[in-house]
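This report concerns only the one structure given below.
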Amino acid sequence: MRLIILGPPGAGKGTQAERLAAGRGIPHISTGDIFRANIKNETELGLKVKDILASGGYVTDEITNEIVKNRLAEDDAKAGFLLDGYPRTANQVGALDAMLAEKGEALDAVLELTVDAEEVVQRLVKRAETSGRSDDTEEVIRERQELYVRETAPLAEAYTQRGLLVQIDGMGSMDEVEARINAALDQVSSAR
(Lines give C-alpha, C1' and ligand atoms only; values in the text may rest on other atoms or scores of the structure.)
Protein backbone atom coordinates (compact mmCIF):
# COMPACT_ATOMS: atom_id res chain seq x y z
CA MET A 1 0.00 0.00 0.00
CA ARG A 2 1.01 3.60 -0.63
CA LEU A 3 0.03 5.62 2.42
CA ILE A 4 0.44 8.95 4.18
CA ILE A 5 -0.11 9.39 7.92
CA LEU A 6 -1.10 12.71 9.45
CA GLY A 7 -1.59 13.65 13.07
CA PRO A 8 -0.81 16.47 15.47
CA PRO A 9 2.22 16.39 17.78
CA GLY A 10 1.53 13.98 20.63
CA ALA A 11 -1.08 11.93 18.75
CA GLY A 12 1.16 8.86 18.67
CA LYS A 13 1.70 9.16 14.92
CA GLY A 14 5.34 8.00 15.01
CA THR A 15 4.51 4.92 17.07
CA GLN A 16 1.56 4.00 14.87
CA ALA A 17 3.57 4.64 11.70
CA GLU A 18 6.29 2.21 12.85
CA ARG A 19 3.72 -0.45 13.79
CA LEU A 20 1.78 -0.01 10.55
CA ALA A 21 4.87 -0.13 8.34
CA ALA A 22 6.17 -3.25 10.09
CA GLY A 23 2.78 -4.96 9.94
CA ARG A 24 2.28 -4.19 6.25
CA GLY A 25 5.89 -4.85 5.23
CA ILE A 26 6.44 -1.36 3.83
CA PRO A 27 9.06 1.24 4.76
CA HIS A 28 8.17 4.03 7.19
CA ILE A 29 9.56 7.12 5.47
CA SER A 30 9.87 10.07 7.84
CA THR A 31 11.31 13.24 6.33
CA GLY A 32 12.32 14.35 9.83
CA ASP A 33 14.30 11.12 10.32
CA ILE A 34 15.94 11.57 6.90
CA PHE A 35 16.95 15.14 7.76
CA ARG A 36 18.31 14.13 11.18
CA ALA A 37 20.29 11.20 9.72
CA ASN A 38 21.84 13.44 7.07
CA ILE A 39 22.71 16.09 9.68
CA LYS A 40 24.26 13.45 11.94
CA ASN A 41 26.30 11.96 9.07
CA GLU A 42 27.30 15.44 7.90
CA THR A 43 26.30 14.73 4.30
CA GLU A 44 26.09 17.59 1.79
CA LEU A 45 22.33 17.61 2.27
CA GLY A 46 22.71 17.40 6.05
CA LEU A 47 24.96 20.44 6.17
CA LYS A 48 22.52 22.39 3.98
CA VAL A 49 19.54 21.39 6.14
CA LYS A 50 21.44 22.05 9.38
CA ASP A 51 22.20 25.63 8.31
CA ILE A 52 18.56 26.23 7.32
CA LEU A 53 17.21 24.85 10.59
CA ALA A 54 19.85 26.64 12.69
CA SER A 55 18.72 29.96 11.22
CA GLY A 56 15.12 29.15 12.14
CA GLY A 57 14.07 28.59 8.54
CA TYR A 58 12.10 25.84 6.84
CA VAL A 59 13.65 23.31 4.53
CA THR A 60 12.41 24.31 1.07
CA ASP A 61 9.85 22.28 -0.84
CA GLU A 62 12.44 21.80 -3.58
CA ILE A 63 14.92 20.09 -1.23
CA THR A 64 12.21 18.07 0.55
CA ASN A 65 10.64 16.92 -2.73
CA GLU A 66 14.04 15.79 -4.03
CA ILE A 67 14.72 13.82 -0.85
CA VAL A 68 11.35 12.07 -1.02
CA LYS A 69 11.70 11.33 -4.75
CA ASN A 70 15.10 9.72 -4.16
CA ARG A 71 13.78 7.72 -1.20
CA LEU A 72 10.73 6.45 -3.11
CA ALA A 73 13.06 5.25 -5.88
CA GLU A 74 14.78 2.83 -3.49
CA ASP A 75 13.97 -0.88 -3.88
CA ASP A 76 12.15 -1.31 -0.55
CA ALA A 77 9.58 1.36 -1.52
CA LYS A 78 8.63 -0.20 -4.86
CA ALA A 79 5.76 -2.26 -3.38
CA GLY A 80 4.53 0.52 -1.10
CA PHE A 81 5.44 3.00 1.61
CA LEU A 82 4.15 5.02 4.53
CA LEU A 83 5.02 8.73 4.37
CA ASP A 84 5.24 10.54 7.71
CA GLY A 85 5.83 14.31 7.74
CA TYR A 86 5.35 14.65 3.98
CA PRO A 87 3.62 16.25 2.20
CA ARG A 88 3.18 19.41 4.29
CA THR A 89 2.34 21.97 1.61
CA ALA A 90 0.13 22.11 -1.49
CA ASN A 91 3.32 22.29 -3.57
CA GLN A 92 4.54 19.04 -1.98
CA VAL A 93 1.15 17.38 -2.67
CA GLY A 94 1.55 18.29 -6.33
CA ALA A 95 5.13 17.05 -6.40
CA LEU A 96 4.13 13.73 -4.82
CA ASP A 97 1.28 13.36 -7.34
CA ALA A 98 3.78 13.90 -10.16
CA MET A 99 6.30 11.42 -8.69
CA LEU A 100 3.65 8.72 -8.42
CA ALA A 101 2.08 9.47 -11.82
CA GLU A 102 5.52 9.16 -13.42
CA LYS A 103 5.60 5.55 -12.19
CA GLY A 104 1.92 4.86 -12.92
CA GLU A 105 1.15 4.68 -9.19
CA ALA A 106 -1.30 6.39 -6.84
CA LEU A 107 -1.93 6.74 -3.13
CA ASP A 108 -4.20 4.16 -1.51
CA ALA A 109 -5.14 6.23 1.55
CA VAL A 110 -4.23 9.19 3.74
CA LEU A 111 -4.69 8.35 7.42
CA GLU A 112 -5.35 11.16 9.87
CA LEU A 113 -5.16 10.43 13.59
CA THR A 114 -7.73 12.60 15.37
CA VAL A 115 -7.28 13.33 19.05
CA ASP A 116 -8.72 15.44 21.84
CA ALA A 117 -6.48 18.52 21.71
CA GLU A 118 -6.72 19.29 25.44
CA GLU A 119 -5.80 15.74 26.43
CA VAL A 120 -2.81 15.74 24.07
CA VAL A 121 -1.59 19.10 25.41
CA GLN A 122 -1.74 17.78 28.98
CA ARG A 123 0.01 14.54 27.92
CA LEU A 124 2.84 16.51 26.27
CA VAL A 125 3.18 18.89 29.23
CA LYS A 126 3.51 15.89 31.55
CA ARG A 127 6.02 14.23 29.17
CA ALA A 128 8.06 17.45 29.08
CA GLU A 129 8.16 17.56 32.89
CA THR A 130 9.23 13.92 33.27
CA SER A 131 11.80 14.04 30.47
CA GLY A 132 13.26 17.39 31.51
CA ARG A 133 12.36 19.10 28.22
CA SER A 134 12.10 22.62 29.64
CA ASP A 135 11.54 24.12 26.17
CA ASP A 136 8.28 22.17 25.85
CA THR A 137 6.11 24.61 27.77
CA GLU A 138 2.33 24.51 27.53
CA GLU A 139 2.43 27.68 25.40
CA VAL A 140 4.92 26.14 22.94
CA ILE A 141 2.94 22.90 22.78
CA ARG A 142 -0.30 24.80 22.06
CA GLU A 143 1.43 26.81 19.32
CA ARG A 144 2.69 23.57 17.69
CA GLN A 145 -0.85 22.18 17.80
CA GLU A 146 -2.25 25.32 16.15
CA LEU A 147 0.51 25.33 13.54
CA TYR A 148 -0.29 21.71 12.71
CA VAL A 149 -3.99 22.54 12.24
CA ARG A 150 -3.20 25.56 10.03
CA GLU A 151 -0.71 23.64 7.86
CA THR A 152 -2.60 20.36 7.64
CA ALA A 153 -6.20 21.50 7.20
CA PRO A 154 -5.73 22.33 3.48
CA LEU A 155 -4.03 18.96 2.87
CA ALA A 156 -6.75 17.05 4.69
CA GLU A 157 -9.37 18.92 2.66
CA ALA A 158 -7.59 18.15 -0.63
CA TYR A 159 -7.35 14.45 0.20
CA THR A 160 -10.97 14.41 1.42
CA GLN A 161 -12.09 15.76 -1.97
CA ARG A 162 -10.20 12.91 -3.64
CA GLY A 163 -11.85 10.35 -1.37
CA LEU A 164 -8.50 9.33 0.16
CA LEU A 165 -8.69 10.74 3.71
CA VAL A 166 -9.50 8.21 6.42
CA GLN A 167 -9.88 9.67 9.90
CA ILE A 168 -8.94 7.37 12.76
CA ASP A 169 -9.74 7.98 16.43
CA GLY A 170 -6.25 8.32 17.90
CA MET A 171 -7.38 8.19 21.53
CA GLY A 172 -6.93 5.02 23.58
CA SER A 173 -4.16 2.48 23.96
CA MET A 174 -1.57 1.90 21.23
CA ASP A 175 -3.14 -1.49 20.50
CA GLU A 176 -6.66 -0.02 20.22
CA VAL A 177 -5.52 2.68 17.78
CA GLU A 178 -3.51 0.15 15.77
CA ALA A 179 -6.59 -2.10 15.50
CA ARG A 180 -8.68 0.84 14.24
CA ILE A 181 -6.04 1.69 11.62
CA ASN A 182 -5.83 -1.88 10.37
CA ALA A 183 -9.61 -2.22 10.20
CA ALA A 184 -9.82 1.01 8.18
CA LEU A 185 -7.07 -0.12 5.80
CA ASP A 186 -8.74 -3.51 5.34
CA GLN A 187 -11.88 -1.62 4.25
CA VAL A 188 -9.84 0.51 1.84
CA SER A 189 -8.24 -2.63 0.36
CA SER A 190 -11.55 -4.42 -0.10
CA ALA A 191 -13.16 -1.33 -1.68
CA ARG A 192 -10.53 -1.12 -4.44
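The values are calculated or read from the model by the stated rules, or taken from the named source; none is laboratory data. Model, not experiment: these values are computed from the prediction. FYI the Cβ positions are ideal-geometry reconstructions off the backbone, even for glycines, and counts take in every protein chain you see. Each accessible area value is taken on the protein alone, full model and side chains, heavy atoms only, with ligands, DNA and RNA left out. Shrake-Rupley method; radii C 1.70, N 1.55, O 1.52, S 1.80 Å.
Summarising the label geometry, the points placed 7 Å from Cα in the beta-carbon direction at R150 and T15 lie 2.9 nm from one another. Amide H contacts of V166: V110, L111, E112, each under 5 Å away and 5 or more positions distant or on a separate chain (H built 1.01 Å from N in the peptide plane; Pro and chain starts excluded). Here is the list for region 68-104: trypsin sites (Lys or Arg not before Pro) lying in DSSP coil, each with at most 15 other C-beta atoms within 10 angstrom of its C-beta, are K78, K103. Averaged per residue, the chain has 54 square angstrom of accessible surface, using a 1.4 angstrom probe with ligands and nucleic acids left out. Gyration tensor analysis over the Cα atoms of the chain returns equivalent ellipsoid semi-axes of 25, 23, 16 Å (largest first, whole Å). Anisotropy class assigned to region 30-114 is prolate, per the alpha carbon gyration tensor with a/c at or over the 1.5 cut-off and a/b larger than b/c. Shown in residue order for region 79-96 are the 3J(HN,Hα) couplings computed by the Karplus curve 6.51 cos²θ - 1.76 cosθ + 1.60 at θ = phi - 60°: 8, x, 6, 10, 8, 10, x, 8, x, 10, 10, 4, 4, 5, 4, x, 5, 5 Hz (x for Gly and Pro).
Mind checking region 121-158 for GluC sites (Glu not before Pro) that DSSP puts in a loop (not H, G, I, E or B) and that have at most 15 other Cβ atoms within 10 Å? Sites meeting the loop and neighbour criteria: none at all.
Computed from the C-beta positions of K48 and S131, the FRET efficiency with R₀ = 41 Å rounds to 0.85. Remark on R2: its backbone amide H falls under 5 Å from those of F81, D108, A109, a criterion applied only to residues 5 or more positions apart or on other chains, H modelled at 1.01 Å from N. The count of lysine pairs in region 39-190 that are at least 8 places apart or cross chains, and whose C-alpha atoms lie under 20 Å apart, stands at 6. Annotation for region 1-98: chymotrypsin sites (Phe, Trp or Tyr not before Pro) lying in DSSP loop with at most 11 further Cβ atoms inside 10 Å of their Cβ are Y58. Altogether, the Stokes-Einstein calculation at 25 °C and 0.890 mPa s, with the Kirkwood radius of region 79-192 over Cα pairs as Rh, returns a diffusion coefficient of 152 µm²/s. Solvent-accessible area assigned to carbon and sulfur over the chain amounts to 50 percent, based on a 1.4 Å probe.
Given their separation in residues at 0.36 nm each and the Cα-Cα distance between them, D108 and R123 gain 2.3 nm when the chain is fully extended. Modelled spin labels at A191 and D76, positioned 7 Å past Cα toward Cβ, are 3.0 nm from each other.
Among the protein heavy atoms, those of R180 account for about 80 Å² of accessible surface (1.4 Å probe, every chain in place).
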